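Worksheet: one structure, shown below.
The values are calculated or read from the model by the stated rules, or taken from the named source; none is laboratory data. Computed from a prediction, not measured in an experiment: that's the story for all the values here. As a convention, Cβ positions derive from the backbone with ideal geometry for all residues, glycine included, and neighbour counts pool all protein chains shown. Only protein heavy atoms, including side chains, enter the accessible area calculation; ligands, DNA and RNA are left aside. Shrake-Rupley method; radii C 1.70, N 1.55, O 1.52, S 1.80 Å.
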Amino acid sequence: MVVISNNIEIYSTEDNAFSISSSDVIGYFSMSKKHVHEKYEIYYLLSGERYYFIKDQVFRIKKGHLVFINQGEMHKTTDADLPDHKRMLVYFEKRFIETLNGSVSALLDFMAQKKYSVMELSLRDQNYIENIFREMTEEIIKKPTGFEVQLQGLLMKLLVFISRHVDEHNEKEYFSNCPKHEKIADIVKFINTNY
């Protein structure tokens, strides 16, 4: 099967402290291996379904699911036995939005303490998130005066939404029911516990 991937980096700051990209994949695509990076990651699935491996857990995510990955968390995505998906992806470092009063650190620390990284969003919340991504994209395309400051503000708005959503909702577990993935998760848990 041929995979057609239209992966577009919409924008990246000169110092790589912030980047946003979109991807529209036709066919089946799985990342070859798990990876870790020292940036935070926000992954939003616009269409399709994916398996998302995070640390020692496997989640099945669908359209409207948002995934938050902390710095240094091992992760990977694979196809969910269905072709085609579309996603938005934001990478950022804390320094891109650091504030003097430490409010960003408090938000990121709060999210780091939460057990689940996957959030199922209502249609209303999906529209809210998609509007933030649309605003980011418009700022990047037009590059008006102060657009990077506006990107910082939009990222802060996104992070506040995520932390409030996590705080207000008892997240369901979107674990994969696939026996193969459950076995892999058990092996990874064993390795992490006994390393």
Two-decimal Rg/Rh across region 58-113, once Rg and the Kirkwood Rh are taken from alpha-carbon atoms: 1.05
In sequence order, calculated HN-Hα J values of region 9-17 (Karplus, 6.51, -1.76, 1.60; Hz; x Gly/Pro): 7, 6, 6, 9, 5, 4, 8, 6, 7
Under Karplus coefficients 6.51, -1.76 and 1.60, residue-wise ³J(HN,Hα) of region 31-42 in Hz, glycine/proline x: 5, 6, 8, 5, 8, 9, 9, 8, 10, 7, 10, 10
Efficiency of FRET between L123 and I26 - r from beta-carbon atoms, R0 25 angstrom, step 0.05: 0.50
Simple Cβ-charge dipole of region 47-167, Lys/Arg +1 and Asp/Glu -1, about Cα centre, in debye nearest 20: 80 debye
Accessible surface, 1.4 Å probe, highest first, among residues T145, T99, T13: T145, T99, T13
Largest-first ordering by accessible area, 1.4 Å probe, given options D167, D109: D167, D109
Accessible heavy-atom area order of K114, K39, K33, highest first, probe of 1.4 Å: K33, K114, K39
Burial order of peptide ranges 74-87, 129-142 (average beta-carbon count within 10 Å, highest first): 74-87, 129-142
Ratio Rg/Rh [Cα only; Rh per Kirkwood] for region 26-134: 0.97
